[in-house]
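The values are calculated or read from the model by the stated rules, or taken from the named source; none is laboratory data. Remember, it's a predicted structure, so these values are computed and weren't measured experimentally. Because the Cβ atoms are built from the backbone with ideal geometry, glycine has one as well, and the counts that use them run over all protein chains shown.
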Amino acid sequence: MVMMYRLKIILVLFMLSLLSSVGCSDKEKISEEIPVPELTVNPLTLEFSAEGGEKTLSIYSNTNWQINFLTSGWVRPSLTTSSGNVMVKVTADPNENRESRETTFTIKAAGVENVVVTITQAGKDSTGEPEEPEIYIEPDNTGMRNLSSLQLTQLMDVGWNLGNSLEAIVVNNGVYSGGETSWGNPLTTKTLIDSVKQAGFNCIRIPVAWSHKLEDPTTYKISKTWLARVEEVVNYALSNDMFVIINIHWDGGWMNHPDYGHQQAINNKLSALWKQIAIYFRNYDDRLLFAGSNEVMVEGYYGSPSSENLAVQNSFNQTFVNAVRATGGRNYYRHLVVQGFNTNITYTYNGFILPSDVIEKRLMVEVHYYDPYEFTLKEDQPYNTQWGAPFAGGDVTNWGQEDWVESAFGMMKTKFYDNGIPVILGEYAAIHRTSLTGEAYVKHKAAREYFLEYVTNAAKRKGLVPFYWDNGNKGNNSCVIFDRSTGEALDRGALEAIMKGKILN
């Protein structure tokens, strides 16, 4: 026993000597490998109506965290402890009292400062109906970095469009219906958006229709259920720390009457919708951007706009800016996106007027790029299957080649970017003609990928932020990259071309 005891002492002393022999550089290396704890929560304020319901709280962390709250309260999270990036459902009970109420959640993690989330709920008014949130609250720059829109776009890399999903709408004899799956795509999942981020996109544009989800078409009151669904998809992207743009996207075409006869009615509806959207998303930080409209034009006419068309469409942009700013809070500082006529580069260069604003340098201009039409979008014969100098002498149009890309994007740079106004290239793509066979398909595929790489690179060189248009359709003449059900990258050639194009040499 004595011998065994002595052996134990010798073994302990040997281990201590080994530990003491670890050099300073080794200790520093071990220390450097331990990640610094991080904790971010969005939004920092949740506002419930008197009816109660559910909202989503996004928690981003690289360590364990917990939520402390009043267990006997009227509001509760779906979970109180976890780790990593998690979406927490927060449920509020109906408020039967006239008085509003407020409480807080404190999110804690070791090694970081506590984050406090304020939860408020309106009370019932004297008629027993739930109170609506205040239209205007005092400006609040929490989470709104002191960055101009131009500086913000310099943090934006390349973007992707969730096309043909939340803007899916059916119009029959003036009656709006439909929903997210009406145009053939499945419900959007977090798995899909996670895949988009992992593929290299840090921005997402979410086209949205609203007119098919109105509780009252006479007052343009939007369904809270639909607002919550849009918010859910927005949070999928924000949980990936992406920039997000939401808009009013075609929406059945009610804005496509830019004339004096329709101007007032359209502006009335536009203002009513944007006030509701802005109030609902008012507490989100500056990664969420609003875009007022999409491709406003004279329905079915693709010629040059008249001075009346331009003036009325410019008024739509002003109405949008006024409506959002009138809600106050973070929306006073939010970055807003306004469009040129039909998002056409030439019409925007010649006829766009930047709206006046209560705050400086928080506006962006949006244009789209689908030139030459015969290559990028035209499905019926005759069309062209190839593009660019490497395919000169082949099935290439006599216009819309590299020199036009440089000229078009150059116009946006000199008129806007060089004057401190950033430009969003909200859509660009070229359809994939998979019905081609043999050598014709091989050349088309190579030309299409060359087009995507060149346009992406040219946009980045000229200061534009490019957003690829993905419509989700897997068939011929589609622009799909990602499988909407699984998130799998179906068109790796197109994806690699975009990612290669974003690199500036």
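Say we look at region 184-203 and pick out the residues that are among the hydrophobic types (A, V, I, L, M, F, W, C) and in contact (Cβ under 8 Å) with a residue 24 or more places away in the chain; which of these is farthest from Asp483 (Cα to Cα)? Per the criteria, the residue is Cys203.
The requirement of being closer than 18 Å to Asn471 by Cβ and either touching a residue at least 24 places away in the same chain (Cβ under 8 Å) or in the same structural domain as Met297 (by TED's automatic domain parsing) (or both) is satisfied by Tyr369.
Within region 157-175, restricting attention to residues that are part of a loop (DSSP other than H, G, I, E, B) and modelled with pLDDT under 95, which residue is nearest to Trp226 (Cα to Cα)?
Checking each candidate, the answer is Gly174.
The combined condition, being touching a helix residue (DSSP H, G or I) at 6+ places or on another chain (Cβ under 9 Å), at negative phi and without any contact (Cβ under 8 Å) to a residue 40 or more places away in the chain, is not fulfilled by Glu180.
Criterion applied to Leu166, Leu187, Leu192, Leu162 was being assigned by TED's automatic domain parsing to the domain that holds Ala458 and surrounded by fewer than 17 Cβ atoms within 10 Å (Cβ to Cβ), and the one residue passing it is Leu187.
If you go through region 456-482 and pick out every residue that is under 12 Å from Ile503 (Cα atoms) and crowded, with 24+ Cβ neighbours inside 10 Å, you end up with 1. Residue-level analysis places Lys275 among those that are in contact with a helix residue (DSSP H, G or I) (Cβ under 6 Å, 6 or more places away or on another chain), basic (Lys, Arg), touching a residue at least 40 places away in the same chain (Cβ under 8 Å) and surrounded by fewer than 23 Cβ atoms within 10 Å (Cβ to Cβ). Residues of region 449-497 that are outside any strand (DSSP E or B), hydrophobic (A, V, I, L, M, F, W, C) and either outside the structural domain of Lys190 (by TED's automatic domain parsing) or farther than 18 Å from Leu162 by Cα (or both): Phe451, Val455, Ala458, Ala459, Ala497.
Number of residues in region 324-361 that are surrounded by fewer than 22 Cβ atoms within 10 Å (Cβ to Cβ) and among the charged types (D, E, K, R) equals 4. Contact map, region 215-233: first residue among the β-branched types (Val, Ile, Thr), second residue at pLDDT 95 or above and assigned to a loop (DSSP other than H, G, I, E, B), Cβ cut-off under 8 Å, separation 6 or more or different chains; pairs are Ile222/Trp210; Val230/Leu166; Val230/Val208; Val233/Leu166; Val233/Thr188. In this structure, does Gly303 turn out to be assigned to a loop (DSSP other than H, G, I, E, B), touching a residue at least 40 places away in the same chain (Cβ under 8 Å) and either buried (at least 21 other Cβ atoms within 10 Å of the Cβ) or not charged (D, E, K, R) (or both)? The answer is no for Gly303. Within region 402-417, the set of residues being surrounded by 15 or more Cβ atoms within 10 Å (Cβ to Cβ) and among the β-branched types (Val, Ile, Thr) comprises Val405 only.
Selection within region 197-234: residues that are among the charged types (D, E, K, R) and surrounded by 14 or more Cβ atoms within 10 Å (Cβ to Cβ). The member of this set that is farthest from the chain's Cα centre (by Cα) is Lys221. In region 383-422, which residue that is in contact (Cβ under 8 Å) with a residue 60 or more places away in the chain and not in a helix (DSSP H, G or I) is nearest to His368 (Cα to Cα)? Filtering region 383-422 for residues that are in contact (Cβ under 8 Å) with a residue 60 or more places away in the chain and not in a helix (DSSP H, G or I), the one nearest to His368 (Cα to Cα) comes out as Pro422.
Here Val298, Val312 are screened, and the one residue that is more than 24 Å from Asn42 (Cβ to Cβ), of a type in the set (A, V, I, L, M), in contact (Cβ under 8 Å) with a residue 24 or more places away in the chain and part of a helix (DSSP H, G or I) is Val312.
The rows are residues; the columns are (1) modelled with pLDDT under 85; (2) in a helix (DSSP H, G or I); (3) in contact with a Ser or Thr (Cβ under 7 Å, 6 or more places away or on another chain).
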{"residue": "Val12", "(1), (2), (3)": "yes, yes, no"}
{"residue": "Glu32", "(1), (2), (3)": "yes, yes, no"}
{"residue": "Leu46", "(1), (2), (3)": "no, no, no"}
{"residue": "Ala50", "(1), (2), (3)": "no, no, no"}
{"residue": "Ile67", "(1), (2), (3)": "no, no, yes"}
{"residue": "Val88", "(1), (2), (3)": "no, no, yes"}
{"residue": "Glu102", "(1), (2), (3)": "yes, no, yes"}
{"residue": "Val117", "(1), (2), (3)": "no, no, yes"}
{"residue": "Ser126", "(1), (2), (3)": "yes, no, no"}
